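One structure is given here, and the rest of the page talks about it.
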Amino acid sequence: MTTHETSAAPLGLRERKKRQTRERIRREAYRLFAEHGYETTTVDQIADAAEVSPSTFFRYYPTKEDVVIQDEYDPALAEALRARPAGEPIVDAILNSLKGPLGQMLDQDREDLLLRTRITFTDPAIRARNVVEQQRSEEVIAAIIAERTGRDATDLEIKCAAAAIIAVFTTLVRHWVEGDGQEDLAELYRRHLPLLARGLAF
């Protein structure tokens with residue numbers, strides 16, 4: 001996925017250049033992954049394609065895995081949710097957030113997201129790292145729910161709600177990838193995330 005700047009504050013020249021370099025490295029990495037496969041693509045090849053040194057690559061991404069793992073979706077979602085009305089139920093807040101920049105990010109990143117997710121689901125090392133990243137995502141959602149409800153983020157109900165939301169996200173993305181991205185991902189969220197709000201009445 002492309003790294004996105006989520007802050008409304010304008011970036012200085014130095015930060016813009018750093019962001020451009022990060023995005024160029026990621027873009028070239030994904031191009032090489034698509035052409036040659038993730039496993040056979042080396043850091044040296046990515047650095048060469050991005051016209052940076054391997055040491056510069058490692059300043060932006062500590063490992064090759066991080067090119068796939070790192071993204072800005074959690075910060076973007078957190079920012080979008082904090083902008084929603086305080087009394088809005090969390091599922092409604094997420095769905096309404098998808099109507100703005102967050103939904104646009106999903107559309108713009110479609111091809112990268114497809115490739116990234118395929119790698120995440122098939123590469124053992126990245127799959128293991130992704131478990132840790134999912135836990136971090138749960139913590140982000142739990143913190144947001146806690147802010148919106150005045151409860152503690154360590155409250156077990158809050159943690160369970162956050163885990164359920166991330167589980168639905170993961171399941172929907174997997175379904176989307178298995179269908180080669182033919183469906184609208186944001187629409188899948190809009191259609192199936194309300195299951196959590198309705199409760200599991202099976």
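The values are calculated or read from the model by the stated rules, or taken from the named source; none is laboratory data. Since this is a predicted model, take the numbers as computed values, not measurements. In this analysis, Cβ positions are derived from the backbone assuming ideal geometry, glycine residues included, and neighbour counts consider all displayed protein chains.
Listed by position, the helices (runs of 4 or more DSSP H) inside the stretch 28-76 whose residues that are in contact with a helix residue (DSSP H, G or I) (Cβ under 9 Å, 6 or more places away or on another chain) and modelled with pLDDT of 95 or more number at least 2 are 43-50, 54-60.
When each of LEU32, LEU106 is tested for being assigned by TED's automatic domain parsing to the domain that holds SER137 and surrounded by 14 or more Cβ atoms within 10 Å (Cβ to Cβ), the lone residue that passes is LEU106. Residues of the stretch 166-186 that are assigned to a helix (DSSP H, G or I) and under 18 Å from MET105 (Cβ atoms): ILE166, PHE169, THR170, LEU172, VAL173, TRP176, VAL177, LEU185, ALA186. Could you please let me know if LEU95 is more than 22 Å from GLU28 (Cα to Cα), touching a residue at least 40 places away in the same chain (Cβ under 8 Å) and either in the same structural domain as GLU183 (by TED's automatic domain parsing) or in a helix (DSSP H, G or I) (or both)? It is true that LEU95 is more than 22 Å from GLU28 (Cα to Cα), touching a residue at least 40 places away in the same chain (Cβ under 8 Å) and either in the same structural domain as GLU183 (by TED's automatic domain parsing) or in a helix (DSSP H, G or I) (or both). Flag: LEU113 matches the condition of being buried (at least 19 other Cβ atoms within 10 Å of the Cβ) and either more than 22 Å from ALA78 (Cβ to Cβ) or in contact (Cβ under 8 Å) with a residue 60 or more places away in the chain (or both). For the stretch 72-86, the criterion of being on the phi > 0 side of the Ramachandran plot and surrounded by fewer than 18 Cβ atoms within 10 Å (Cβ to Cβ) is met by none of the residues.
Of the residues GLU147, GLU157, only one is surrounded by fewer than 13 Cβ atoms within 10 Å (Cβ to Cβ) and either outside the structural domain of HIS192 (by TED's automatic domain parsing) or over 14 Å from the mean Cα position of the chain (by Cα) (or both); which? It is GLU157.
Only a single item in (1) surrounded by 15 or more Cβ atoms within 10 Å (Cβ to Cβ); (2) part of a helix (DSSP H, G or I) is not met by ARG14, and it is number (1). For the stretch 160-202, a tally of residues being surrounded by 13 or more Cβ atoms within 10 Å (Cβ to Cβ) and either farther than 15 Å from ILE94 by Cβ or of a type in the set (Gly, Ala, Ser) (or both) returns 13.
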